[in-house]
């Protein structure tokens, strides 16, 4: 079984398909490497696609020490997979928890990123929602421990930002729900507490984002409310970014509407690979509404 061993001894299972420029897919909390199947089947026709299972998600190792789960660890694990496969630079595509890892990767490992796609990112980021987010994360982690992931999946898969998925694609949602129920109870609880609860707010990273020059595509579903304001914030903070809002989509837009998601990301990667992705023109951010303003 192919795996990469991290610097703290955790084995991460991975799969790769296709050839060409590398694209690394980083999954969300409620997903795993299988969640990217619609993307791998599409992008492997043009790119070398790598998916891996985060620590805490079998068949990757499930460390028992809570200290081995954090946002920094998640970011370092992405770098470890690339280094272990001999990849110097890659396009990075992340969803939710994986999108946080992608953004932190852009801040800490910019030299290794050709581009970043951050989809469904922003849960608990706004300052007025921090306390509520922390409380809900604690409650979910406690329920996972008490009920087990198999039972907790019934509730988690029907969260407010996932309802639209079940409505539009019952079979796809059922597959997502089944895979979620197979996750490790211990790994899920520790990931929820160590990575989700403890990560910094995106707003606290604004200074770093304003200096970031890695081409970045931010993708939100218009029915994924916790990501809409953070998506606008990221668009305004990262000079090399663009924002796409997908209509009638919730949190898992790559599964809910894979064709539209794949085409949008392909257009982005094509522009980046062609050297046509530019920084935002400062004249668009002068604060003026109609008349050209003074450039800062």
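The values are calculated or read from the model by the stated rules, or taken from the named source; none is laboratory data. Since the model is a prediction, treat every value here as computed from it, not as a measurement. A quick note on method: Cβ atoms are made from the backbone with ideal geometry, for glycine too, and the neighbour counts reach across all protein chains shown.
For segment 194-228, the set of residues classified as in contact with a helix residue (DSSP H, G or I) (Cβ under 6 Å, 6 or more places away or on another chain), within 23 Å of residue 56 (Cβ to Cβ) and assigned to a helix (DSSP H, G or I) consists of 194, 195, 196, 197, 202, listed by residue number. The residues in segment 229-256 that are touching a residue at least 60 places away in the same chain (Cβ under 8 Å) and more than 19 Å from residue 127 (Cβ to Cβ) can be counted, and the count is 9. Residue 18 falls short on exactly one of the conditions (1) touching a strand residue (DSSP E or B) at 6+ places or on another chain (Cβ under 6 Å); (2) under 26 Å from residue 189 (Cα atoms), and that condition is (2).
For segment 97-107, the criterion of being assigned to a helix (DSSP H, G or I), in contact with a strand residue (DSSP E or B) (Cβ under 7 Å, 6 or more places away or on another chain) and closer than 21 Å to residue 185 by Cα is met by at least one residue.
Does residue 70 qualify as being surrounded by 23 or more Cβ atoms within 10 Å (Cβ to Cβ) and either at pLDDT 95 or above or over 21 Å from residue 268 (Cβ atoms) (or both)? No. Where helices (runs of 4 or more DSSP H) sit wholly within segment 134-193, those with at least 3 residues that are farther than 21 Å from residue 55 by Cα and in contact with a helix residue (DSSP H, G or I) (Cβ under 9 Å, 6 or more places away or on another chain) occupy 149-156, 163-168, 170-181. Scanning segment 3-20 for residues that are surrounded by fewer than 22 Cβ atoms within 10 Å (Cβ to Cβ), within 20 Å of residue 95 (Cβ to Cβ) and touching a helix residue (DSSP H, G or I) at 6+ places or on another chain (Cβ under 8 Å) turns up 13, 14, 15, 17, 18. Within segment 48-60, the set of residues being farther than 25 Å from residue 88 by Cα and surrounded by fewer than 23 Cβ atoms within 10 Å (Cβ to Cβ) comprises 58, 59.
Yes or no, residue by residue, for (1) in contact (Cβ under 8 Å) with a residue 40 or more places away in the chain; (2) over 17 Å from the mean Cα position of the chain (by Cα):
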{"site": "81", "(1), (2)": "yes, no"}
{"site": "87", "(1), (2)": "yes, yes"}
{"site": "102", "(1), (2)": "yes, no"}
{"site": "117", "(1), (2)": "yes, no"}
{"site": "132", "(1), (2)": "no, yes"}
